[in-house]
1. Output the qualifying pairs, or none if there are none: Cβ atoms under 9 angstrom, residues six or more apart or on different chains, first residue in the stretch 326-351 and under 12 Å from residue 364 (Cα atoms) and assigned by TED's automatic domain parsing to the domain that holds residue 375, second residue of a type in the set (Lys, Arg) and in a helix (DSSP H, G or I).
2. Does the stretch 266-285 hold any residues that are crowded, with 20+ Cβ neighbours inside 10 Å and either part of a strand (DSSP E or B) or among the polar types (S, T, N, Q) (or both), and which are they?
3. Only residues that are basic (Lys, Arg) and modelled with pLDDT of 95 or more: list them for the stretch 93-126, please.
4. Report yes if residue 304 is crowded, with 20+ Cβ neighbours inside 10 Å and closer than 20 Å to residue 209 by Cα, otherwise no.
5. If I ask for residues that are over 21 Å from residue 130 (Cβ atoms) and outside any loop (DSSP other than H, G, I, E, B), which ones from the stretch 25-48 would you list?
6. Please state which one of 51, 12, 22 is in contact with a Leu (Cβ under 9 Å, 6 or more places away or on another chain), in the same structural domain as residue 145 (by TED's automatic domain parsing), surrounded by fewer than 17 Cβ atoms within 10 Å (Cβ to Cβ) and assigned to a helix (DSSP H, G or I).
7. Which condition number does residue 72 fail, the rest of (1) in a strand (DSSP E or B); (2) surrounded by fewer than 16 Cβ atoms within 10 Å (Cβ to Cβ); (3) acidic (Asp, Glu) being met?
8. Can you pull out the strands (runs of 3 or more DSSP E) entirely within the stretch 146-260 that have at least 1 residues that are at pLDDT 95 or above and among the acidic types (Asp, Glu)?
Amino acid sequence: MHNKLYAKIQEEFNQIADTFIEKEIDVLADENLITIQSKYNLYDIQPYFAELTNNVLAKDVKLTIESEEDFDPETDDLYEYKINFENSKAYLKREHYGGGIFYSTLYEYTEEHHKSFSVYQNKENIKVTNLSYLYFKNGIPDQFIECTEYGISLKTYTCENGIIKSYKLEWPEYDHYCIGELTFDNHENLKMITETASDGRIRVVFDATVSTEDIEEALAELETFLVENIADQIIEKVKIEEPVYCILFEYSMQAPFPPTIAFGITSEIDGNFQDKELFELYSSPDMKYFSENEEPNPINIDFYPLAIQPNYLITTSYGENIPSQEEEAFMMWEKHVFDTYLRVCKRLMHFDFSKSFTKTENFLVMARDFEKCNEGDFYQNMLHYRTKK
């Protein structure tokens, strides 16, 4: 049954661009719909969509734009909604980027399911990004199916007394799956969402207690974790027979923590070390010992102890909440992340890893933002630190 449904949804996804404009025009012409504007993403059909993306709004936030004082075009996002106030449902959501560029989502409703389909629009093109169905059983969410250009996922809910308590997230083309657990307080307010993957790894997806106001404390705790906990794991778990010339952390400013980790070995260097460009020496995906690799050379470093995971949510949310127009604020955030990783690298230089591998004379602990390719900045700092030390 599911295979036929998946095929139908995939076919519909492939055809959305052909009819989207026509359906959008119908919604825009509906006189029963009222237009509201907001700085925030207020609506989607997936249950707990804000918590799942760790973008829950504070209770005292003003949701709608009603005057010039409510909106700063230089720093704020702009969402436009078409709402039917009689049934409290949205039928169109537009996220504006200026110059006739926006993401648009249309919504349709039946007793059996809610549907949303989204596109990226500019003056010349329409690109389909998402098609989702939320199916109900006895008026309660039962299954959520999402189709994107990367494939289809299925989320099946388990409910008690009308409240979602857990879900199973799976991908039809893969054996991998996740079990989500939702925890509530005595007033039925959601406190936490955790996901346990089929390989046993546990991820904290949402934690109501975290706050980006604690960003400096979060960075300090992450630094301690990446130094002390990861060093202990390297000593305990990593065994490399060949000489190692670097430990390399890679990260992205989209979600700067946790990083990946790799170990550079001398046999991977063709020719003289001194003749190589930095990108040839410090690029995790090219390394034999890389935490993202599977067999035969796994690096079983666990970056996800439950106690540290709320700090990942704090740092990711902090970066996401910096308006794209505030370049100076984002550059300062980049520097905070850079400085944290630099301190981690310096502190790890002092550890004795002889139980795990032999260091070469060129050994460095390094980091890099793999999108910015700032290995040169880390290299100069670490080379100076090693020489000075």
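The values are calculated or read from the model by the stated rules, or taken from the named source; none is laboratory data. Treat the numbers as computed from the prediction; the structure is a model and nothing was measured. Cβ coordinates were reconstructed from backbone atoms using ideal geometry, including for glycine residues, and neighbour counts include every protein chain displayed.
1. Pairs found: 349/386.
2. Here is the first cut: in the stretch 266-285, the ones crowded, with 20+ Cβ neighbours inside 10 Å are 281-282, 284.
The one that is crowded, with 20+ Cβ neighbours inside 10 Å and either part of a strand (DSSP E or B) or among the polar types (S, T, N, Q) (or both): 284.
3. Here is the first cut: in the stretch 93-126, the ones basic (Lys, Arg) are 93-94, 115, 123.
Matches in the stretch 93-126: 93, 94, 115.
4. Details: crowded, with 20+ Cβ neighbours inside 10 Å: no; closer than 20 Å to residue 209 by Cα: yes.
So residue 304 fails the test.
5. Initial filter on the stretch 25-48 (over 21 Å from residue 130 (Cβ atoms)): 29-37, 39.
Answer for the stretch 25-48, where residues must be over 21 Å from residue 130 (Cβ atoms) and outside any loop (DSSP other than H, G, I, E, B): 29, 34, 35, 36, 37.
6. Values: 51 fails: surrounded by fewer than 17 Cβ atoms within 10 Å (Cβ to Cβ); 22 fails: in contact with a Leu (Cβ under 9 Å, 6 or more places away or on another chain).
Sole residue among the options that is in contact with a Leu (Cβ under 9 Å, 6 or more places away or on another chain), in the same structural domain as residue 145 (by TED's automatic domain parsing), surrounded by fewer than 17 Cβ atoms within 10 Å (Cβ to Cβ) and assigned to a helix (DSSP H, G or I): 12.
7. Unmet condition: (1).
8. Values: elements: 151-160, 163-170, 177-184, 190-197, 202-207, 244-251.
Those strands (runs of 3 or more DSSP E) span 163-170, 177-184, 190-197, 244-251.
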